[in-house]
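Below is one structure, written out as structure tokens; the observations come after it.
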Amino acid sequence: MLASRVIDGTRYFLLDDDMMISMRYARNLAEGQGLVWNPGERVEGYTNFLWTVVMAGIHFIPHSDANVALLVKGVNFVLTGATLWLSIRFLRLFAPRSLLVPPLLLVVMVTCADVLLWSVWGFEVALLSFLNLFFFYRLAQDRHDALTYAALALIPLTRGDGIYVFAGNALVALALSKDSRKPLTYLAIAALPTVCHFLFRHAYYGDWLPNTYYLKVYGLEEPYKRGWSYARNFLLQYSVVLALAAASALALLRTDRRGLIPIGAALPTLGWVVVVGGDMFTWYRFFAHLMPLVFVFATVGVATLARGAIGQLAWAAVLFIVSFPLVRPLGRLVFLDTNGDPLEQIQVAMLIKKNASPDSSVAVITAGIVPYFTRLRAIDILGKSDKHIARLPPFKGAMIGHGKLDPAYTLGKDPDLVVSCRSYPFALGLTTDTRTHDPVLSFLASSAFQSKYRGAPINEAFTLGKTAIYTHAGSKEIARRDWQGVVVTP
């Protein structure tokens with residue numbers, strides 16, 4: 001219930017703001033508008049093709065916009081439950097008789113933020129993690145068949161940069177196979193969906209790479225430094241768990257080539273993260289699909305490496321202590337996603353829906369919640385769904401995906417409304433054309449915004465004090481700036 005809000009008597013459920021962008025693409029696809037953010041504008045502003053298609057399928061289930069996010073979370077919970085079940089089955093391949101390791105594995109996994117939170121917030125990570133684990137589980141049983149490689153084929157479709165996961169997993173498959181001819185045939189077939197997706201992207205969007213690549217990677221300042229910092233922090237955060245998993249894998253590798261699985265899966269991800277510059281989120285989204293494998297092999301060591309009951313208990317205790325949050329252990333299961341100020345933005349969305357003309361347009365900085373719930377034509381200030389913005393050089397020190405702006409270009413489209421993500425007094429206090437690493441401040445300080453929009457805020461107490469909404473003299477909204485509020489309850 002934390003990721004929801006009751007407004008005017010209706011409870012609205014939310015996903016992460018980025019996932020609400022995918023939800024808008026999905027709903028437009030389900031309603032026959034195409035895989036687009038705005039009808040008639042073909043820009044690939046998502047990074048999770050298959051997950052967006054799954055979301056589109058969910059939109060065919062009878063629902064209202066208020067509760068469809070709950071249905072998406074339900075699918076994610078099923079996928080996470082399947083991953084937990086599959087992890088136990090995987091563990092049993094190496095520790096078939098131990099009574100200690102299955103409950104230990106479940107406890108450390110369900111309290112791991114990088115296993116649970118991405119699922120709760122609606123990301124494609126749950127699907128990616130399940131497909132990755134399913135592939136290796138069947139590979140560990142020497143099952144080189146169509147079902148095994150179908151899971152591998154879906155990985156690059158689930159997340160756009162999943163090609164490196166595909167490549168690393170393919171190398172492990174070849175290394176574990178007794179006869180490379182069969183897996184090579186399946187790998188060639190498994191690559192076809194990715195090839196088809198590239199062809200579709202170029203035919204439909206006019207680009208070989210998604211718009212988000214240009215936004216987040218193209219021109220990024222010091223990508224290797226950023227990427228190494230992100231990877232280093234992950235290695236430090238999970239240092240003991242990773243060490244236990246590595247010890248188990250290396251010990252197994254002496255007699256069993258399946259010890260290559262966690263090593264072969266992890267190294268491509270480490271390399272890719274360093275090359276592309278990491279991620280903007282606090283938790284480790286780019287490594288999250290590895291965590292089930294890491295925990296499985298870290299737990300395997302209890303049964304295969306530790307000697308005697310005392311040794312096993314000691315290994316289990318170390319794994320439990322470093323994995324289980326001793327303060328508020330359930331906090332990771334109910335931690336509120338704050339990306340894009342979701343509880344504020346849903347209130348803004350309902351205010352716009354209640355007061356604005358349905359044929360108005362809205363420019364947004366947080367591009368998920370307001371465009372989805374208002375259904376207005378939307379203009380993306382930060383460029384996820386704008387080819388021009390995505391190809392600009394980022395300004396120095398900016399966060400990944402938040403450093404490209406062109407206020408004159410954006411506001412030249414004459415959006416009827418601009419959602420500022422800052423209070424009205426904040427915008428009043430800015431010096432014109434101040435440019436910093438903060439994209440919101442830079443946008444609100446621009447001459448284009450200050451001269452055209454700053455003098456025409458919508459008159460509504462919540463927005464003026466929290467996240468002001470502006471219009472301009474040429475808009476139909478200028479004559480109706482006194483808005484009615486909404487009633488918000490927990």
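The values are calculated or read from the model by the stated rules, or taken from the named source; none is laboratory data. Please read all numbers here as calculations on a predicted model, not as lab measurements. Backbone-built Cβ (ideal geometry, glycine too); neighbour counts: all protein chains shown.
Take the residues in the range 200-218 that are more than 16 Å from the chain's Cα centre (by Cα) and of a type in the set (Phe, Trp, Tyr); name whichever of them is surrounded by the fewest Cβ atoms within 10 Å (Cβ to Cβ).
In this case the residue turns out to be Trp208.
Got at least one residue in the range 63-73 being within 29 Å of Ala170 (Cα to Cα) and surrounded by fewer than 16 Cβ atoms within 10 Å (Cβ to Cβ)?
We begin by selecting, within the range 63-73, every residue within 29 Å of Ala170 (Cα to Cα); these are none.
No, there is no match, as no residue in the range 63-73 is within 29 Å of Ala170 (Cα to Cα) and surrounded by fewer than 16 Cβ atoms within 10 Å (Cβ to Cβ).
Here are Leu133, Leu147: which of them is outside any loop (DSSP other than H, G, I, E, B), out of contact with any Leu (no Cβ under 9 Å at 6 or more places or on another chain), in the same structural domain as Val296 (by TED's automatic domain parsing) and at pLDDT 90 or above?
Values: Leu133 fails: out of contact with any Leu (no Cβ under 9 Å at 6 or more places or on another chain).
Every option except Leu147 fails the conditions.
Which members of the range 452-473 meet the condition of being farther than 14 Å from Gly485 by Cβ, in contact with a Pro (Cβ under 9 Å, 6 or more places away or on another chain) and either surrounded by fewer than 21 Cβ atoms within 10 Å (Cβ to Cβ) or at pLDDT below 95 (or both)?
Listed by number, the list holds a single entry, His472.
Kindly state which helices (runs of 4 or more DSSP H) lie completely within the range 389-448 and contain at least 3 residues that are buried (at least 20 other Cβ atoms within 10 Å of the Cβ).
It comes to 407-411, 439-445.
Quick one: is Phe77 surrounded by fewer than 19 Cβ atoms within 10 Å (Cβ to Cβ), in contact with a helix residue (DSSP H, G or I) (Cβ under 8 Å, 6 or more places away or on another chain) and in the same structural domain as Ala306 (by TED's automatic domain parsing)?
Answer is yes for this residue.
Before we move on, is Arg143 among the basic types (Lys, Arg) and over 22 Å from Ser87 (Cα atoms)?
no
Condition test on Leu105, is it crowded, with 24+ Cβ neighbours inside 10 Å, at pLDDT 90 or above and at negative phi? Even if it seems obvious, please write down each step before you answer.
Numbers: crowded, with 24+ Cβ neighbours inside 10 Å: yes; at pLDDT 90 or above: yes; at negative phi: yes.
Judged against the criteria, Leu105 is a match.
Taking the residues in the range 162-199 that are in contact with a helix residue (DSSP H, G or I) (Cβ under 6 Å, 6 or more places away or on another chain) and not in a helix (DSSP H, G or I) as candidates, determine which candidate is surrounded by the most Cβ atoms within 10 Å (Cβ to Cβ).
Per the criteria, the residue is Gly162.
Are any residues in the range 13-51 surrounded by fewer than 24 Cβ atoms within 10 Å (Cβ to Cβ), touching a strand residue (DSSP E or B) at 6+ places or on another chain (Cβ under 7 Å) and either within 20 Å of Cys196 (Cβ to Cβ) or at pLDDT below 95 (or both), and if so, which ones?
Within the range 13-51, Phe13 is the sole residue that qualifies.
Conditions first: (1) over 23 Å from Thr158 (Cβ atoms); (2) part of a loop (DSSP other than H, G, I, E, B). Phe60 passes all but one, so which condition is the exception?
(1)
Report, ordered by the first and then the second residue, all pairs with beta carbons closer than 6 Å, sequence separation of six or more or different chains, a first member in the range 255-271 that is outside the structural domain of Leu176 (by TED's automatic domain parsing) and in a helix (DSSP H, G or I), and a second member that is among the polar types (S, T, N, Q) and surrounded by fewer than 17 Cβ atoms within 10 Å (Cβ to Cβ).
none
Is at least one residue of the range 68-77 out of contact with any strand residue (DSSP E or B) (no Cβ under 6 Å at 6 or more places or on another chain) and modelled with pLDDT under 90?
There is no residue in the range 68-77 that is out of contact with any strand residue (DSSP E or B) (no Cβ under 6 Å at 6 or more places or on another chain) and modelled with pLDDT under 90.
Let me confirm something: among Asp8, Asp17, which residue is closer than 20 Å to Asp337 by Cβ and among the acidic types (Asp, Glu)?
Within the list Asp8, Asp17, the selection yields Asp17.
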